[in-house]
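Please read the structure below before turning to the comments.
The values are calculated or read from the model by the stated rules, or taken from the named source; none is laboratory data. Every value quoted in this text rests on a predicted model; they were computed, and no experiment measured them. Here the Cβ is made from the backbone with ideal geometry for all residues, glycine too, and neighbour counts use every protein chain on show. Surface accessibility is based on the protein's heavy atoms, side chains included, excluding ligands, DNA and RNA. Shrake-Rupley method; radii C 1.70, N 1.55, O 1.52, S 1.80 Å.
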Amino acid sequence: NLHSDLADGVALAVLLYQVLPPDLRPELPPTCPAPRDLAGQIVEWSCAAKLELLQVSAEDITLPRPRLLLLYTAALYASYPAMEAAEEATRAPPKPRHHNSQEREEHVLRMWMTSLGLDLHLTNLFDDCASGLPLLKVMDWLQPGVVDWS
């Protein structure tokens, strides 16, 4: 759905304004121009900012081409991360999220099962799958009709 948000160029114009350093920031127009005109301005601003990782045309923005727009956005962030570097002394060491590989694998499987859109609310894989119903739902999602629900 990102491509539909980026297709009119407004979100890309705001993104360029937010991400580029102050000396390279474009002046946003007071009123929103036609999508094709705004796309042309975005291309000009990208060239002025020397965004060389990827060049796009106004047509690429307005058609839209979802993968190309996503790649353009990634190239913009790669060129201008717009974040200040953290000082080593103030940076806290990362805390391990999982104590062992078994917990990590259980977490990944649980997150995958939840992401399937099967209305599964899993907090503990072993307890929540004890009835077998979540596993049957996943099996039926993977191969529709394999579970006889009657």
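Structure data summary
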read-out: Rounded percent of accessible protein surface that carbon and sulfur make up, segment 10-79, 1.4 Å probe; value: 58 percent
read-out: Segments 36-48, 68-80 sorted - mean Cβ within 10 Å per residue, highest first; value: 36-48, 68-80
read-out: 5 Å binning of all Cα-Cα separations within segment 1-81, expressed as whole percents from 0 upward; value: 3, 17, 31, 28, 17, 4, 0
read-out: Loop sites in segment 104-150: chymotrypsin sites (Phe, Trp or Tyr not before Pro), DSSP, at most 10 other Cβ within 10 Å; value: W149
read-out: Karplus (6.51, -1.76, 1.60) ³J(HN,Hα), θ = phi - 60°, over segment 24-35, in Hz, Gly and Pro reported as x; value: 10, 5, x, 8, 6, x, x, 10, 7, x, 4, x
read-out: Solvent-accessible area of T123 with every protein chain in place, 1.4 Å probe, in Å² to the nearest 10; value: 110 Å²
